[in-house]
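None of the figures in this text is laboratory data; all of them are computed from the coordinates on show. Computed from a predicted model, the values in this text were never measured in an experiment. Positions of Cβ are generated from backbone atoms using ideal geometry, with glycine treated the same way; all protein chains shown enter the neighbour counts.
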Amino acid sequence: MKKIILSLFVLVALTSCMVTKTPVGSYLETPGKEVTFDKGKQFWVFWGLIPVGRTHVNTPSNGNCQVVTKYKFSDVLITGLTGGIVSSYSIKVEVKQEK
C-alpha cells in the first residue's frame, strides 16, 4: 500500500503545469480586457498516444482570439489516478472585450 501511495505522489509531484498560448489574427494588437469565449477538455489514452475524439471549441467570427492549452491540477489528478492511461488537457479560447 505504501508503494502505491508513494508512486502516486511521485507521479503528481513530477508533472508540470504546462501552458501554451497561441494568438490568432490581430489578437495581440487589439486593446481590451481578456475574457473567456469558450472552453473545453481534450482526453487522450495510452499516455497521450491516441486522442479520444476531437474537442471543438467555438472561435469568434472575426478570428481574433488566443487559444490557451493548460495542463491544470484536475488534469494532473486524472493522469495520476489512472497511471497515465487516460490524460487530459484544458482548452480555453480568449477574446478581448473593449473596456
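In segment 65-89, which residues are touching a residue at least 24 places away in the same chain (Cβ under 8 Å), among the polar types (S, T, N, Q) and surrounded by fewer than 18 Cβ atoms within 10 Å (Cβ to Cβ)?
Thr69
For residues in segment 33-69 being small (Gly, Ala, Ser) and under 16 Å from the mean Cα position of the chain (by Cα), which is farthest from Lys96 (Cα to Cα)?
Keep residues of segment 33-69 that are small (Gly, Ala, Ser), which gives 40, 48, 53, 61, 63.
Filter once more, keeping what is under 16 Å from the mean Cα position of the chain (by Cα): 40, 48, 53.
Working: Gly40: 19, Gly48: 32, Gly53: 29 Å.
Among those residues, the one meeting the criterion is Gly48.
Being more than 18 Å from Val93 (Cβ to Cβ) and of a type in the set (Val, Ile, Thr) is the filter here, so list the residues in segment 40-58 that pass it.
Once the filter is applied, which keeps residues that are more than 18 Å from Val93 (Cβ to Cβ) and of a type in the set (Val, Ile, Thr), segment 40-58 yields Val45, Ile50, Val52.
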